[in-house]
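Scroll down for the structure; my scribbles are underneath it.
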Amino acid sequence: MKLAKAIRKAKRVYICGNGGSAANASHIANDLVACGVKAQALTDVATLSATANDYSYGAAFAVQIRVLAEPGDLVLALSGSGNSPNILQALTAAKEKGAAAWVIVGAYQETAAEKLADHTLKWGKDMQDAEEKQLYLGHKVFRYLKGEKCG
């Protein structure tokens, strides 16, 4: 599994998303930590709201990535639409910092995010299906890593 191998290889993994994708980001980050991966969801309410207030909601993830990310890290953006400004700015910031930029987006439309990402996984026929598939993929990665050295 290409995504699991990229996660295992990364120094750190930062995950971001909006709404249901934000909840998935937190869930997936928790599973990765349980497998010994240095993973963090960029969805902490206090940090997210302060950053959005001080900069803009569009920059809320990018500001965090510019501070935290380093070459060798992986930024995983989760987005149903793949067109949210904060997801696009997050992917741009990842590339600026030399981190790998991955995105899991809904397959029901062409997205701006897939043009910015190093790797794109397209899933789902609508927003709800896309968010369900994000968690499905997160659990597949968890099971793959668990077989390696997890739990």
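The values are calculated or read from the model by the stated rules, or taken from the named source; none is laboratory data. Values in this document were obtained by computation on a predicted structure and should not be read as measured data. Every residue, glycine as well, gets a Cβ built from its backbone with ideal geometry; the counts of neighbours run over all protein chains shown. Ligands, DNA and RNA are stripped out before the accessible areas are found, and what is left, the full protein with its side chains, is counted by its heavy atoms. Shrake-Rupley method; radii C 1.70, N 1.55, O 1.52, S 1.80 Å.
So here's what we get for this one:
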item	result
Label-point gap, in nm, between ALA46 and LYS11 - each point 7 angstrom along Cα→Cβ	2.6 nm
Surface/4 estimate of mean projected area, convex hull on alpha-carbon atoms of the chain, nm²	7.6 nm²
GNM top mover of LEU74, LEU137, LEU91 - the chain, alpha-carbon springs below 10 Å	LEU137
Value of D in µm² per second that Stokes-Einstein yields for the range 35-89, Kirkwood Rh from Cα pairs, at 10 °C (1.306 mPa s)	132 µm²/s
At most 13 other Cβ within 10 Å, DSSP loop - GluC sites (Glu not before Pro), the range 110-151	GLU110
Sulfur and carbon atoms: percent of accessible area, the range 48-120 [1.4 Å]	52 percent
Centre separation in Å (Cα based) which lies between the range 1-74 and the range 75-123	12 Å
Most mobile of ASP118, ASP44, ASP126 in a GNM of the chain (Cα contacts under 10 Å)	ASP44
Residues with amide H under 5 Å from that of ALA41, placed H, sequence gap 5 or more	ILE15
The range 58-128 pair-distance distribution - Cα-Cα, 10 Å bins, rounded %	25, 53, 20, 2
Expected 222 nm ellipticity per residue - DSSP helices of 4 or more, -39500 (n - 2.57), all of the chain, to 500	-16500 deg cm²/dmol
Coil-residue trypsin sites (Lys or Arg not before Pro) of the range 62-151, DSSP, other Cβ within 10 Å capped at 15	LYS125
GNM top mover of LEU88, LEU32, LEU68 - the chain, alpha-carbon springs below 10 Å	LEU68
Helix runs (DSSP H) in the chain reaching 27 Å along axis by Cα, Kyte-Doolittle at least 1.0	none
Accessible area (Å², 1.4 Å probe, nearest 10) - THR43	20 Å²
